[in-house]
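The values are calculated or read from the model by the stated rules, or taken from the named source; none is laboratory data. Everything numeric in this text was worked out from a predicted model, so none of it was measured. Neighbour counts are summed over all protein chains in view; Cβ atoms, including those assigned to glycine, are modelled from backbone coordinates with ideal geometry. Protein only, heavy atoms only, side chains kept; ligands, DNA and RNA dropped before computing areas. Shrake-Rupley method; radii C 1.70, N 1.55, O 1.52, S 1.80 Å.
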Amino acid sequence: MTIEIPFSALLEQLPKQFFASLVAKVGAKIKAGCDVINLGQGNPDQPTPKHIVEAVQRAAANPKYHRYSPFQGYSFLKEAIAAFYAREYGVKIDPAREVAILFGGKAGLVELPLCLVNPGDVVLVPDPGYPDYWSGIALARARMEMMPLLAENGFLPDYEAIPASVADQAKLMFLNYPNNPTGATATKEFFAETVAFAGKYGVAVVHDFAYGAIGFDGRKPVSFLEADGAKDVGVEIYTFSKTYNMAGWRVAFAVGNERIIQALELLQDHLYVSLFGAVQEAAAAALLGPQDCVTELVALYEARRNAFIAALCEIGWEAPAPSGSFFAWLPVPKGLSSAEFADVLLERAHVAVAPGIGFGAHGEGYVRVGLLTDEARLREAVERIGRLGLFEKIFEK
Ligand SMILES: Cc1ncc(COP(=O)(O)O)c(C=O)c1O
């Protein structure tokens, strides 16, 4: 007899995955034989650089790595991470106490609310923002308070606009620059303001630096840890997924505040044994090896960005060029919601984009495009959209 197996209340209250329906719609179109240009996702299209692949191939043959890894990861990787932060950002990190190795940034971001907040506590979240922040908050049964990211503020939160009653209750805050989905970047001054706000209200800061390597027009994105006092209030999450095209490898790390790192290590001691040692060895090779692959990748994304924004301009779709990340955040023509507009583009142009509403209420009015296909395909997407003639009719000039 098959028994009834209800899911736990915890699972039942997880947020619904907004983008699952988009993935299904795109899948159905492709199955129906349409040539869909999918700009709706954030999956890097380039391969992992050869020297990193070779490093894992060599390391995979080492029997040392066929045994369990040390619980909290290999010290050689933590030392490589400290060397990387010193070299790239001039930030001094104690590899033994200020680094935790993660199974991808997503895992760390979901673990952090479990480590740091109690049911009912307030967590400040950017809106629009990366939906995985919501997952950890839901698992911790905490309460989200949204920080609107508005174009007029350069898509940075306005701390003055957060009521003191909310700030007083907040225990944790998520930030992410270069930003998904808006493509905005932060300044050192903004991070200094963040440290002051966090210190005033006792809020732990998690800066998600997933797109840390991807800044355009010769501007290198700023690390949160470059701000004075940042380590007193928070951590930064850095993933190999975007910098080194290693999204499938599941490797990332947290750096910064010793107490938060300790909390992550404690939770992870209960959840896993650390990553496959060969992956850790290759990750260290990525951080310490030649970095021309990163420079070339950023140049590739910048060329795509330039081609895409220029093509948009030709069809009358005026959009600002992102200053970092590999996303463009585009205003939706007047009279359509972001979901309706995304449906029109998929149905009539066979171009998939992500509706802004999926990133939060303040994402309404925008769609997100991932610059994760070659320039010719990006231009073709814009040409197809241009043929719909939507922009002459709908955009108010
Ligand atoms: C803003 C942001 N943070 C974190 C991640 C997670 O990266 P990963 O889990 O691959 O390290 C992503 C991936 O798309 C992202 O866009």
ask   = Among the residues of the stretch 229-247, is there at least one that is surrounded by 24 or more Cβ atoms within 10 Å (Cβ to Cβ) and either over 29 Å from Tyr68 (Cα atoms) or at pLDDT below 95 (or both)?
value = yes
The stretch 328-346 residues that are β-branched (Val, Ile, Thr), paired with ones that are not in a loop (DSSP other than H, G, I, E, B) (beta carbon under 7 Å, 6 or more apart) = Val332/Ser338; Val332/Phe341; Val332/Tyr366; Val332/Val367
note = Checked the stretch 152-198 for anything more than 16 Å from the ligand (Cβ to nearest atom), assigned to a loop (DSSP other than H, G, I, E, B) and not charged (D, E, K, R); matches are Gly154, Ile162, Pro163, Thr187
request  = Might you let me know whether the stretch 249-263 holds any residue that is open to solvent by less than 10 Å² (accessible area, probe 1.4 Å) and either polar (S, T, N, Q) or under 13 Å from the mean Cα position of the chain (by Cα) (or both)?
outcome  = yes
ask   = Of all residues in the stretch 199-213, how many are aliphatic (A, V, I, L, M) and within 11 Å of the ligand (Cβ to nearest atom)?
value = 2
note = Output for Cβ contacts, cut-off 8 Å, separation at least six or different chains, first residue more than 16 Å from the ligand (Cβ to nearest atom) in the stretch 222-246, second in a helix (DSSP H, G or I) and among the small types (Gly, Ala, Ser), reads Ala227/Ala192; Asp228/Ala192; Gly229/Gly199; Asp232/Gly199; Val233/Ala198; Val233/Gly199
Of all residues making up the stretch 171-197, the number that are more than 21 Å from the chain's Cα centre (by Cα) and surrounded by 22 or more Cβ atoms within 10 Å (Cβ to Cβ) = 0
Residue identified as in contact (Cβ under 8 Å) with a residue 24 or more places away in the chain, closer than 29 Å to Ile52 by Cα and touching a Phe, Trp or Tyr at 6+ places or on another chain (Cβ under 7 Å) among Arg304, Arg250 = Arg250
remark   = Looking across the stretch 16-53 at residues that are among the β-branched types (Val, Ile, Thr) and within 16 Å of the ligand (Cβ to nearest atom), the single one that is least open to solvent (accessible area, probe 1.4 Å) is Ile52
request  = Determine which member of the set Trp329, Trp317 is at pLDDT below 95 and open to solvent by less than 30 Å² (accessible area, probe 1.4 Å).
outcome  = Trp317
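Yes/no per residue for (1) surrounded by 16 or more Cβ atoms within 10 Å (Cβ to Cβ); (2) farther than 30 Å from Pro331 by Cα; (3) of a type in the set (A, V, I, L, M):
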position: Ile101; (1), (2), (3): yes, yes, yes
position: Gly104; (1), (2), (3): yes, yes, no
position: Gly108; (1), (2), (3): yes, yes, no
position: Leu114; (1), (2), (3): yes, yes, yes
position: Pro119; (1), (2), (3): no, yes, no
position: Asp127; (1), (2), (3): yes, no, no
position: Pro131; (1), (2), (3): yes, no, no
position: Met144; (1), (2), (3): yes, no, yes
position: Asn153; (1), (2), (3): no, no, no
